[in-house]
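Structure first, commentary second.
The values are calculated or read from the model by the stated rules, or taken from the named source; none is laboratory data. Everything numeric in this text was worked out from a predicted model, so none of it was measured. Here the Cβ is made from the backbone with ideal geometry for all residues, glycine too, and neighbour counts use every protein chain on show.
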Amino acid sequence: MVNLELMDWKTYAAQVKDGEAVIMLPIGAIEQHGPHMSMNPDVLIPKAISEGVAKKGGSILVAPPISYGYKSQVKSGGGNFFPGTTCINGKTLIDIVKDVIVAYAKHGNRKFVLVNGHFENSMFLVEGIELALEHLRHGGIEAQVILLSYWDYVTQETIETVFPEGFTGWDVEHGGVLETSLMLYLHPECVNMDKVIHHEPATFPPYDIFPSDESWVPSTGTLSSAKNATREYGEILYNVCVDGIYQSVNERFS
Ligand code: ZN
Ligand code: MN
């Protein structure tokens with residue numbers, strides 16, 4: 001059993017009281033990902049990767065994901081104006097991250113891995129971590145947190161395999177081959193490849209504009225085409241992320 005919320009509290013307490021357990025906390029977003037996919041890949045992918053890491057052994061537990069994330073941005077998530085895209089303010093996300101880390105630390109936990117699945121969350125996760133550690137330090141508790149985004153574990157070799165026609169960058173992968181392949185492998189019930197609408201990768205000016213200019217975004221909501229996504233690519237991507245993250249966790253925490 002790797003999902004801590006499925007455990008009874010006594011079993012959980014016994015496993016975490018010495019501070020040696022590692023708590024993996026997936027953080028995502030509810031955000032449209034094109035007409036061919038559900039709105040929660042940013043939650044389901046880091047959750048599944050965290051479970052894969054925990055199943056490799058050692059005392060690693062997966063916490064329930066933080067499902068809501070910071071506001072979708074036009075150049076990385078299509079923007080915060082699509083029906084279904086449901087986002088929270090930066091200060092709300094900071095508070096949730098801080099409160100959750102502090103709560104798990106009160107149970108005895110000292111080792112955390114935040115697994116991000118939504119690009120826009122990044123700096124708010126940093127702030128939540130900083131404030132949690134500062135709060136705990138005042139109470140005489142020293143904890144350590146690894147922060148990562150899973151796509152940073154995709155190796156150059158894997159990029160060449162999955163993007164044989166050339167790689168245009170993680171920012172325009174929103175709803176594209178990376179996420180769609182991972183979802184075909186992990187949650188095929190959430191993907192309908194018949195509904196993929198092919199288009200060239202989105203291109204943007206070097207600046208952002210506020211309020212958002214909706215005409216910058218392909219009407220599909222995806223920033224690149226998922227046409228070449230396959231379950232096989234998803235399995236390769238999943239394994240490279242799980243193996244790499246497991247190695248990082250062991251380097252820092254064992
Ligand atoms: Zn996404
Ligand atoms: Mn996202």
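All of (1) surrounded by 14 or more Cβ atoms within 10 Å (Cβ to Cβ); (2) more than 30 Å from residue 25 (Cβ to Cβ) hold for residue 185 with one exception: (2).
So that you can scan it fast, the table gives a plain yes or no per residue for (1) away from ligand 2 (no atom under 16 Å from the Cβ); (2) of a type in the set (Val, Ile, Thr); (3) within 30 Å of residue 58 (Cα to Cα); (4) not in a helix (DSSP H, G or I):
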site	(1), (2), (3), (4)
202	no, no, no, yes
215	yes, no, no, no
227	yes, no, no, yes
248	yes, no, yes, no
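Please determine whether any residue of region 194-201 is touching a helix residue (DSSP H, G or I) at 6+ places or on another chain (Cβ under 7 Å) and buried (at least 19 other Cβ atoms within 10 Å of the Cβ). No, region 194-201 contains no residue that is touching a helix residue (DSSP H, G or I) at 6+ places or on another chain (Cβ under 7 Å) and buried (at least 19 other Cβ atoms within 10 Å of the Cβ). Within region 80-103, which residues are part of a loop (DSSP other than H, G, I, E, B) and more than 13 Å from ligand 1 (Cβ to nearest atom)? Across region 80-103, the qualifying residues are 80, 81, 83, 89. Scanning region 176-199 for residues that are part of a helix (DSSP H, G or I) and not charged (D, E, K, R) gives 177, 178, 180, 181, 182, 183, 184, 185, 186, 188, 190, 193. When 217, 249 are checked against the criterion of being crowded, with 16+ Cβ neighbours inside 10 Å and either of a type in the set (S, T, N, Q) or in contact with a Gly (Cβ under 7 Å, 6 or more places away or on another chain) (or both), a single residue qualifies: 217.
Taking region 37-78 as the range and being away from ligand 1 (no atom under 13 Å from the Cβ), in a loop (DSSP other than H, G, I, E, B) and either β-branched (Val, Ile, Thr) or at positive phi (or both) as the test, the residues that pass are 57, 58. Taking region 106-121 as the range and being assigned to a helix (DSSP H, G or I) and either within 11 Å of ligand 2 (Cβ to nearest atom) or surrounded by 23 or more Cβ atoms within 10 Å (Cβ to Cβ) (or both) as the test, the residues that pass are 119, 120, 121.
Within region 130-177, restricting attention to residues that are within 14 Å of ligand 1 (Cβ to nearest atom) and among the hydroxyl-bearing types (Ser, Thr, Tyr), the residue that is surrounded by the fewest Cβ atoms within 10 Å (Cβ to Cβ) is 149. Taken over region 11-36, the criterion of being within 16 Å of ligand 1 (Cβ to nearest atom) and either more than 30 Å from residue 81 (Cβ to Cβ) or assigned to a strand (DSSP E or B) (or both) is satisfied by 26, 27, 30. Report yes if some residue within region 165-175 is without any contact (Cβ under 8 Å) to a residue 24 or more places away in the chain, in contact with a helix residue (DSSP H, G or I) (Cβ under 6 Å, 6 or more places away or on another chain) and either in a loop (DSSP other than H, G, I, E, B) or within 16 Å of ligand 2 (Cβ to nearest atom) (or both); otherwise report no. Yes: region 165-175 contains one or more residues that are without any contact (Cβ under 8 Å) to a residue 24 or more places away in the chain, in contact with a helix residue (DSSP H, G or I) (Cβ under 6 Å, 6 or more places away or on another chain) and either in a loop (DSSP other than H, G, I, E, B) or within 16 Å of ligand 2 (Cβ to nearest atom) (or both). Going residue by residue through region 23-32, is there one that turns out to be over 12 Å from the mean Cα position of the chain (by Cα), more than 16 Å from ligand 2 (Cβ to nearest atom) and farther than 30 Å from residue 193 by Cβ? Yes, region 23-32 has at least one match. Counting residues in region 4-27 that are modelled with pLDDT of 95 or more and under 17 Å from residue 185 (Cβ atoms) gives one or more. Inside region 87-102, residues that are farther than 16 Å from residue 113 by Cα and of a type in the set (Lys, Arg) make up a count of 1.
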